[in-house]
Amino acid sequence: MNRVRLLVLNAALGPLDYRVPEHLAVEPGSVIVAPLGPRQVLGIAWESERLPGTEVPDARLRPILDVLPVPPLAAPLRRLIEWTADYYCAPLASVARMALSSGAALRGGGTLTEYRLTGVMPPRLTPQRDAAIAALDGEQGTIRELAELAGVSEGVLRGLVTAGAIEAVAVDIDRPYPPADHEHAPPDLSEGQQAVADRFVKAVRARRFAPFLLDGVTGSGKTETYFEAVAQAIRDERQVLVLLPEIALTENFLKRFEARFGVPPVVWHSSQKSSERRRAWRQVCASSRQGRGAQVVVGARSALFLPFARLGLIVVDEAHEVSFKQDDGVRYNARDVAVMRARFEQVPVVLASATPALESLQMAEAGIYEKVELPSRFGAASLPDIAVVDLREQVPPRGRWLAPPLVAGIEDRLARGEQSLLFLNRRGYAPLTLCRNCGYRFQCPNCSAWLVEHRLTRRLACHHCGHEVPSPETCPECGEADCLTACGPGVERIADEVAQLFPEARTAVVTSDTLSNPERIAAFVDAAESGAIDVIVGTQLVTKGYHFPELTLVGVVDADLGLEGGDLRAAERSYQQIAQVAGRAGRAAKTGEVLIQTRHPDAPVIAALAAGDRYAFYAAETDARRHAGAPPFGRWAAIIVSSEDEAEAREAARIIGHAAPRMDDLAVYGPAPAPLSLLRGRYRYRLLINARRSAALQQTIRDWLDSLQFAPGVRVGIDIDPYSFV
Ligand code: ADP
Ligand code: ZN
């Protein structure tokens, strides 16, 4: 009798056993459709000894219905799914779902209709038809794509189809991608770069687990060096995964990749069309010596769980970025999971950064990661000069935020035709709007947060839940007109200030609001590269990745902003952000200058930045962390309790707090109302757990929470190694 145990993709259900009918072949990892009552469920065949469940007698087993036409998930990916679920206290089913993230890809192939020229001339030629035929030579695509390409209406092209000048062709929707050429345009590496590249290439060839920390200053050519490892993997017919922290960075990466390898890499992220996702997913698992499949995938963190058939290398670029931490659903850190995937797959993994996370540096110190360094910028470029502007002495005029030295710096760059970048990590015009007459403050009805004014779109918006209202004319409380005041600056307000000071300057505001899709990002990069922008005003979105040769001045508008709020990683994050944005200055022949505006020039972070002494900063921060038992020396976990009913949430938090374990190597703080005590209509409480490295943290939390009962509307989330404390 042939039985199979399924990991069912529904966190509410446990593992289920089924019978495998004679005509179906099942192996571990097979993706299976099975009956459940009157419904059908999707599951993955799992080794039953690794997935404890209730033993059902043979006679009561129902047969599975179908095995889907995709390769079984390989053992290394199955082990990764188990590890992730176990480490982050998440349901196995929720993690497994991330591996089967393209529903469309699971259901076999299909075709798509595209069009191309036949070479037959239509009997009647209009200027538009003529133009279309000239523009479409050698092209193939959907009618819509071709119409866009040729700059004519779809009607014109349909007319040409009827006239026999254009024909339809059926295309496999999961067709392979054009091959990357590892010898397309290899760079001339500097001696230092070559040594690093050689080290990576050797590791790719060895096909063993090897974690690297690539610690290189901004502009040192980290990308160029790990591209050599990518080239080696392509040569060996192995696949590569490159993780980037933000989709906004992908554009720039695509260009550089294409310049080096002749074709763009395969892209994976959540805002793609489902047809693009299914093609990528199927090509990722199609890789073999015979068929090429997807060779290099660049993606956001969710790409980590793609079913690679022949993975040979993982790169995590900007590895220090906190956006690698997912804060809803399965709360995992893609940087750490990437290292685990590399371990299960037995391949090298490169964590690249100019400002490595303290955790990563510590792993290098302990000899677990191999640290490779690029200590200087490539070519003639030198690191920028950094100076502090003490806002207590250099006071900006009332209602303004740029102090005289920074204004003079911008003026100077404008006169020389160079670019300036002003960094302020705050979207919108002003973070708070209040009524001068009655003191009313605009707050989100769903969250304990102020509404942020966006002048470009004339709205007040909540950055947590997306709630928006049109910017009002009168105070909703006292009815007074002309009494609403914007408090504090956001990037839009700084851009306004620049426009007032320098009406002739061409300014671009760069935030997730203005660069909301790949086309806008590409347009911005083109404009900045061609010198069509004088002053860039941006949030953390502009701190990394970009390389604008004419950019010679960086102004940090408010260096103290990141240090507010007492987040346990605030100092490190501030340091990284400012060091990264400073790294945008003077990346080519001209030396860059960085001005940091602060009210606390003596704060260790600011002092270390000004002195260019990162070791001083890391040493001080390491000491502080060791003293506090904070990561990497101790461990944290958070429990987040929420409900739409405030009393229910409070009671659940109390029950959890009451049942807290008493142990020597683990301390529990709270429960306390979360700093964001209301989020998307849910009331929230938090507990923070600080544990020694020796403590069995996850098991303790599971044992603690497993036996507790809560009201039905209560959600309890566990956050292992949390990055967010709101
Ligand atoms: P990082 O990622 O370390 O900040 P990049 O890889 O972006 O550095 O390199 C910075 C700039 O220097 C890029 O424009 C890159 O193309 C250029 N560069 C780096 N190394 C080389 C090289 N060996 N040959 C030519 N250009 C290089
Ligand atoms: Zn809100």
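The values are calculated or read from the model by the stated rules, or taken from the named source; none is laboratory data. A quick note: this is a predicted structure, and the numbers were derived from the prediction, not measured. Note: ideal-geometry Cβ built from the backbone for every residue, glycine included; neighbour counts use all protein chains shown. For accessibility, only protein heavy atoms count, side chains too; no ligands or nucleic acids. Shrake-Rupley method; radii C 1.70, N 1.55, O 1.52, S 1.80 Å.
Give me the Å³ per residue figure for the convex hull around the C-alpha atoms of the stretch 563-614. Provide the component values of the computation, followed by the final result.
Details: hull volume 4.1 nm³, N = 52.
Taking the convex hull of the Cα positions in the stretch 563-614, it is 79 Å³ per residue.
What value does the chain have for Rg/Rh, both radii from Cα atoms and Rh as Kirkwood defines it?
Dividing the radius of gyration by the Kirkwood radius yields 0.98.
For the stretch 515-651, the share of alpha carbon pairs falling in successive 10 Å distance bins from zero is 10, 31, 26, 20, 10, 2, 0 percent.
When Lys and Arg each count +1 and Asp and Glu each count -1, what net charge do the other residues less than 10 Å away from Arg62, Cβ to Cβ, add up to?
Details: positive: Arg19, Arg60; negative: Asp17.
Here the count lands on +1.
Would you kindly give the portion of the calculated P(r) for the stretch 61-101 that falls above 14 Å, as a percent of all Cα pairs?
On the way: 461 of 820 pairs.
Counting every Cα pair in the stretch 61-101, those more than 14 Å apart make up 56 percent.
Where only DSSP H runs of four or more residues are counted, the chain gives -9000 deg cm²/dmol as its mean residue ellipticity at 222 nm, each run worth -39500 (n - 2.57). Overall shape of the stretch 3-96 was characterised from the C-alpha gyration tensor. The equivalent ellipsoid obtained from it has semi-axes of 21, 15, 12 Å, in decreasing order. Fraction of C-alpha pairs exceeding 24 angstrom in the stretch 127-222: 55 percent, rounded to a whole number. Note on surface exposure: Trp704, Trp450 rank Trp450, Trp704 by accessible area, highest first, 1.4 Å probe. Can you give me the solvent accessible area of Phe548 with a 1.4 Å probe, rounded to the nearest 10 Å²? Accessible surface of Phe548 is approximately 10 Å².
Just so you know, the Rg over Rh for the stretch 1-159 is 1.28, from Cα atoms, with Rh as the Kirkwood radius. Placing Met663, Met98 in order of accessible area, with the largest value first and a 1.4 Å probe, yields Met663, Met98.
Among the protein heavy atoms of the stretch 3-96, carbon and sulfur supply 55% of the accessible surface, probe 1.4 Å, non-protein parts ignored. Longer than 28 Å from Cα to Cα, which of Lys371/Lys590; Lys202/Lys255; Lys222/Lys273; Lys202/Lys273; Lys325/Lys590; Lys202/Lys222 are they? Say none if no pair is. Over 28 Å Cα-Cα: Lys371/Lys590; Lys222/Lys273; Lys202/Lys273; Lys325/Lys590.
For the listed peptides 691-701, 463-473, 303-313, a ranking on the average number of other beta carbons within 10 Å per residue, highest first, reads 303-313, 691-701, 463-473. Heavy-atom accessible surface of His600, to the nearest 10 Å², is about 100 Å², with a 1.4 Å probe and all protein chains retained. Each label point was placed 7 Å from the Cα along the Cα-to-Cβ direction; for Ala481 and Val263 their separation is 6.4 nm.
Quantify how much of the Cα-Cα distance distribution of the stretch 427-558 extends past 20 Å, in percent.
More than 20 Å apart: 51 percent of the Cα pairs in the stretch 427-558.
Rolling a 1.4 Å probe over the protein heavy atoms leaves Asp665 with an accessible area of roughly 40 Å².
For the stretch 634-720, the Kirkwood estimate of hydrodynamic radius, built from reciprocal distances between every pair of different alpha carbons, is 13.0 Å.
Relative to the current alpha-carbon distance between Glu411 and Arg458, full extension at 0.36 nm per residue lengthens the span by 14.0 nm. For the stretch 306-410, a Kirkwood hydrodynamic radius built from all Cα pairs, placed in the Stokes-Einstein relation at 37 °C and 0.692 mPa s, yields a translational diffusion coefficient of 185 µm²/s.
The overall shape of the stretch 191-374, judged from the alpha-carbon gyration tensor, is rounded, with an a/c ratio under 1.5.
What whole-number value in cubic angstrom gives the convex hull volume per residue for the C-alpha atoms of the stretch 366-459? Can you show the working numbers first?
On the way: hull volume 27.0 nm³, N = 94.
Hull volume normalised by residue count: 287 Å³.
Extension gain for the segment Glu564 to Lys202, taken as residue separation times 0.36 nm less the Cα-Cα distance, is 125.8 nm to one decimal. Compared with the alpha-carbon gap, the fully stretched path from Ala611 to Ser707 is longer by 29.2 nm at 0.36 nm per residue.
The Cα trace of the stretch 111-172 gives Rg and Dmax of 10.5, 34 Å, the first to one decimal, the second as a whole number. Label-to-label distance, Leu106 versus Ser274, with points set 7 angstrom from Cα along the beta-carbon direction: 1.3 nm.
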